[in-house]
1. Listed residues Ala58, Ala27, Ala32; which is surrounded by 12 or more Cβ atoms within 10 Å (Cβ to Cβ) and without any contact (Cβ under 8 Å) to a residue 12 or more places away in the chain?
2. Being touching a residue at least 12 places away in the same chain (Cβ under 8 Å), part of a helix (DSSP H, G or I) and among the polar types (S, T, N, Q) is the requirement here; does Ser44 meet it?
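Here, each number is a calculation from the coordinates, and none is a lab measurement. Owing to the predicted nature of the structure, the values given are computational and were not obtained by experimental measurement. When we count neighbours, we look across all protein chains shown, and the Cβ atoms used for this are built from the backbone with ideal geometry, even at glycine.
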Amino acid sequence: MAGDLKRSLTISGHRTSLSLEPEFWEALQHAAASRNMSIAALVSEIDATRGERNLSSAVRVWILRTLQN
């Protein structure tokens, strides 16, 4: 089983790191492409609505909810 992949992104004007399993990176990439957005732009949208949840968890939950719909 592959470990988490950590990538740096610029969201909301600042650099941040996001650590996700490869499968979540792939799902995020597909979601961004289907919306004609960059991964950073999609993560920025997720970040704006995540509340108290950490960013990695917010991305995972967003992907799960998107797939459930």
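1. Values: Ala58 fails: without any contact (Cβ under 8 Å) to a residue 12 or more places away in the chain; Ala27 fails: without any contact (Cβ under 8 Å) to a residue 12 or more places away in the chain.
One residue alone meets the criteria, Ala32.
2. Values: touching a residue at least 12 places away in the same chain (Cβ under 8 Å): yes; part of a helix (DSSP H, G or I): yes; among the polar types (S, T, N, Q): yes.
Yes; evaluated as a whole, the condition is true for this residue.
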